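A short worksheet on the structure shown next.
Bear in mind these aren't lab numbers, they're just calculated from the coordinates by the rules spelled out. Since the structure is predicted, the reported quantities are computational estimates derived from the model, not experimental observations. We place every Cβ from the backbone using ideal geometry, glycine too, and count neighbours over all the protein chains shown.
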Amino acid sequence: MRGTADFITEPGAEGGVTLVLTGPLLVSSLGRLDHRLRALDGPVSAIDLSRSERIDTVGAWTAWRLSQHFGAPIIGASPEAERLIGAISAADDNTASVEPPRLPLLLRVPEHVGIVITGLGQGIVLVLGFLGQVVLASGALLRHPSRFRVRALVHQMELMGVNALAIIGLMSFLVGIVIAQQGAVQLRQFGAEIYTVNLVGRLSLRELGTLMTAIMVAGRSGSAFAAQLGTMKLTEEIDAMRTIGVSPIEALVIPRLLATMIMMPLLGIYSAAIGIIGGAALSALTLGIPFFTFLARIQEVVPLHDVWVGLIKGPVFGLIVATSGCFQGLQVKSDAEEVGTRTTGAVVMAIFMVIVLDAFFAVFFSEVGWG
Amino acid sequence: MTAETTCAVPAPIGSEADLFPIRVRGLRNAFGTHVIHENLDLDVRKGEILGVVGGSGTGKSVLMRSIIGLQIPEAGEIEVLGSPITDARDDDDIDIRCRWGILFQGGALFSTLTVAENVEVPLREFYPEITDELRHEIARYKVLLSGLPAEATSKYPSELSGGMKKRAGLARALALDPELLFLDEPTAGLDPIGAAGFDQLIRSLQQTLGLTVFLITHDLDTLYEICDRVAVIADKRVIAVGTIPELLATDHPWIKSYFNGPRGRAALASSQRREDTAAMADANAGPGALGTAAEGA
């Protein structure tokens, strides 16, 4: 069994008190002893190591610190202990803080507020700069269409569009059921259950199909864009592309933007269709409206401009989601933690902007008479 | 049951496990059908610096990862400090992990912690009873022992240069006063002056702290300067272990081309030059040196 470190004090040769450290003086044994040693009062005339067994640098440090504290010499040290104490004594003038420098709380809060506000201002400038780069790169691609990366575009369309079909379908089906069920409960009070068809059809095509798809795509693909580009920035892949003469905006950002803008309206219509099927299924089961009657009725009650509203919003939301993902990814500079915060930022920024713009579109389309 | 982890008791002096802190027998590693190691044997002696060399892709890092339990081998036995590693699970090999320190190639520092906080992580993990005060003191002197300036103590890894990151990684590897130190290409990516300084640092720490060092390197200067023995990995196993003169005496083609290539000859020449100057300096300062030796005795 391993011994435990301890200490005793005994009267020394010249009337002083000798502090005798016993047992193994190791990092594993000194932890419990340390606070007792620190509580010790002087005066101590010598530190005796002759009764200690083994020693490591933590033991050497403890002996050295005690000897400095009491101004007492170390006696009875083995050659090994002497060697370690020699090495430690050369490394004892570090007074730097272990934690990073921090301001007191009263100063830190206003400082943080200031950083956030200037960050907002800089963020707007940076986003505008990024959009400018995208426009320039698009212009260059229009002039040299052969540089356009079709394979990357198709690959991204598969990743963010085709692979999302299952989850978006399931989500839309369930939301369609919920709208039909809740709508029917309210409309039943007026005996107007048949208007459930209008509610489900118009809401799905006009609002929910595109909006929910945008939120799902922001969570699935916007975050992926930010994390991918951020990691590529950290591993200097993007710098390497620049030096080879490949524009990262052309090669990475434009395919992602285009893929999202193409797939968003398609996913939106798909989502609306599945939502309507969900509503029709519930109506067939609980409201007594036959499934195909429900679908036929949709054609009569949903004006065509509702489909257009959904289709127009799709690419705009796609642009927002992909831009915030790519923009945040390319802002990564230092470390892994930043990839995380930038990814979060990308999703939050995308969903926030999508909802703000959706409100704007709602007002706009009703003003132009597409209510 | 306490959640507290205890450190393995050192093996009795003179026992097999004490003389050979690392023993590898019949190791086989494969990724799919690609066999990396086949029937690999290796013994590391206590208190030596063992250099491990081999061409790129011969599995030097995989060997190290197997020894420290990050890679589960397909077959074979690995014993580190008397404990078998091959069948180790996460919870019962914990006692061996407080007796080794590992420096990964890129430093592998925790990026959200300062250098000193990085050093404190293993101390917190294994010895929660150590007071904050003592733990901070330990972190501070370990930072200096690793050759970092005091200002680096509270810096984040992203604020350090490549060489300083390696030193910070070394400080963390030494946090628990280990007996065994694993170094994966410690001088890769350092400038020659920085690399030579790092070699000397490893040598002096090894002598002061009595470490056994397992060192993977491509750096011929490191091999000549600080390694006691060199193990050569080729043909999926360790084909030779010995001092460099012993290795030069073998006639394996890879060893020959490794040490007798232009870089090998240059490293040999520079190490001989240094020894000559050191010998001359000793001869010139003969009486003085003897005097200090006598005083020391």
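Over all Cα pairs of the protein assembly as shown, how is the pair count split among 20 Å bins, expressed in % and running from 0 up to the last occupied bin?
Whole-percent P(r) values from 0 Å outward: 14, 33, 29, 17, 6, 0.
Would you work out the charge dipole size for chain A about its Cα centre, treating the Cβ of every Lys and Arg as +1 and the Cβ of every Asp and Glu as -1, and quote it to the nearest 20 debye?
Roughly 1440 debye for chain A.
Say each of B:Thr277 and A:Val185 gets a label point 7 Å from the Cα, pointing the same way as Cα to Cβ; how far apart are those two points in nm?
8.8
For the stretch A:6-89, what is one quarter of the convex hull surface built on the Cα atoms, given in nm²?
4.8
Treating only the Cα positions of the stretch A:210-348 as identical point scatterers, give the base-10 log of I(q)/I(0) from the Debye formula at each q in 0.19, 0.21, 0.22 Å⁻¹.
Summing over Cα pairs of the stretch A:210-348 leads to -1.00, -1.12, -1.18.
Treating only the Cβ atoms of Lys and Arg (+1) and Asp and Glu (-1) as charged, compute the dipole magnitude of the protein assembly as shown about its Cα centre; round to the nearest 20 debye.
2740
So for the protein assembly as shown, if I pair up every lysine 8 or more residues apart or on another chain, how many of those pairs have alpha-carbons under 27 Å apart?
Total qualifying Lys-Lys pairs in the protein assembly as shown comes to 21.
Is the stretch A:120-367 rounded, prolate or oblate when judged by the Cα gyration tensor, a ≥ b ≥ c being the square roots of its eigenvalues, rounded requiring a/c under 1.5 and prolate requiring a/b larger than b/c?
prolate
Given the options A:Ile115, A:Asn198, A:Ala152, identify the residue whose Cα lies farthest towards the positive end of the charge dipole of chain A (+1 on Cβ of Lys, Arg; -1 on Cβ of Asp, Glu).
Highest projection toward the positive end goes to A:Asn198.
Let me know the shape class of the stretch B:173-280, please: from the alpha-carbon gyration tensor, a ≥ b ≥ c as square roots of the eigenvalues, rounded when a/c is under 1.5, otherwise prolate if a/b is greater than b/c, or oblate.
oblate
Would any residue of the stretch A:61-79 have its amide N under 13 Å from a label point 7 Å out along Cα→Cβ of A:Ile8? List them or say none.
No residue qualifies, since no backbone N sits under 13 Å from the label point.
Run the numbers for A:Ala192 and A:Leu136: contour at 0.36 nm per residue of separation, minus the present Cα-Cα distance, in nm. All intermediate terms of the calculation are to be shown ahead of the outcome.
Working: separation 56, 0.36 × 56 = 20.16 nm, distance 5.45 nm.
This chain segment gains 14.7 nm when fully extended.
Ranked highest first by average number of other Cβ atoms within 10 Å, how do B:167-173, B:252-258, B:25-31 line up?
Going from most to least packed, we get B:167-173, B:25-31, B:252-258.
How would the stretch B:136-196 be classified by its alpha-carbon gyration tensor: rounded, prolate or oblate, with rounded meaning a/c under 1.5 and the a/b versus b/c comparison settling the rest?
Judged from the Cα gyration tensor, the stretch B:136-196 comes out oblate (a/c at least 1.5, b/c at or above a/b).
Determine ³J(HN,Hα), in whole Hz, for all residues of the stretch B:181-194 in sequence, where each value follows from phi through the Karplus function 6.51 cos²θ - 1.76 cosθ + 1.60 and θ = phi - 60°; x replaces Gly and Pro.
10, 9, 10, 9, 6, x, 9, 5, x, 9, 6, x, 5, x
Can you grab the distance from the C-alpha centre of the stretch B:245-277 to the C-alpha centre of the stretch A:296-363, Å, no decimals?
Computed from Cα coordinates, the inter-centre distance equals 64 Å.
What are the ³J(HN,Hα) values, in whole Hz, obtained from phi via the Karplus relation 6.51 cos²θ - 1.76 cosθ + 1.60 with θ = phi - 60°, for each residue of the stretch A:131-145 in sequence order, with x given for Gly and Pro?
4, x, 4, 5, 4, 4, 5, 5, x, 4, 5, 5, 6, 10, x
Can you give the FRET efficiency to the nearest 0.05 for A:Ile124 and A:Ala359, using r as the Cβ-Cβ distance and R₀ = 25 Å?
0.80
Can you give the Kirkwood hydrodynamic radius for chain B, in Å, rounded to one decimal and based on Cα pairs?
20.6
Report, for chain A, the % of DSSP beta bridges that are antiparallel, rounded to 5.
Around 45 percent of the beta bridges assigned by DSSP in chain A are antiparallel ones.
Mind putting a number on the dipole of the stretch B:153-255 about its Cα centre? Charges go on the C-beta only, +1 for Lys and Arg and -1 for Asp and Glu, and I need it in Debye to the nearest 20.
Numbers: 9 positive and 14 negative charges, 75 e Å.
Roughly 360 debye, rounded to the nearest 20.
Just the projected area, averaged over all directions, of the convex hull on the alpha carbon atoms of the stretch A:6-148: how many nm²?
17.3
Taking chain A as a Gaussian network, Cα atoms linked when under 10 Å apart, which of A:Gly169, A:Gly222, A:Gly114 shows the biggest mean-square fluctuation?
Of A:Gly169, A:Gly222, A:Gly114, the Gaussian network model singles out A:Gly114 as fluctuating most.
Would you tally the net charge around A:Ala140, using a Cβ to Cβ cut-off of less than 14 Å, leaving A:Ala140 out, and scoring K and R as +1, D and E as -1?
That sum, taken over residues with Cβ under 14 Å, equals +2.
Once the principal axes of the Cα atoms of the stretch A:127-251 are found, what is the range along each, listed largest first in whole angstroms?
Projected onto the principal axes, the Cα atoms of the stretch A:127-251 cover 69, 30, 27 Å.
Please identify, among B:Phe214, B:Phe182, B:Phe110, the residue showing maximal mean-square fluctuation in a Gaussian network model of chain B using a 10 angstrom Cα cutoff.
So, out of B:Phe214, B:Phe182, B:Phe110, the one fluctuating most is B:Phe110.
Among A:Leu257, A:Leu153, A:Leu105, which one shows the biggest mean-square fluctuation in a GNM of chain A, springs joining Cα atoms closer than 10 Å?
Maximum among the listed residues: A:Leu105.
Please work out the Cα center distance from the stretch B:64-78 to the stretch A:131-160, rounded to the nearest Å.
Rounded to whole Å, the Cα centres lie 47 Å apart.
What distance in nm separates the simple spin-label points at A:His35 and B:Glu48, each placed 7 Å from Cα in the Cβ direction?
Using points 7 Å along Cα→Cβ, the separation is 4.6 nm.
Around A:Ile74, which amide H atoms from residues at least 5 apart in sequence, or from another chain, sit under 5 Å from its own amide H, with H modelled in the peptide plane?
Sorted by chain and number, the residues that satisfy this are A:Ile47.
Normalise the Cα radius of gyration of the stretch A:274-332 by 2.2 N^0.38 Å (N = residues in it) and let me know the number.
Working: Rg = 18.3 Å, N = 59, 2.2 N^0.38 = 10.4 Å.
The value comes to 1.77.
Have a look at the DSSP beta bridges in the stretch A:6-89 and tell me what percent are antiparallel, nearest 5.
Counting DSSP beta bridges with both partners in the stretch A:6-89, the antiparallel share is about 45 percent.
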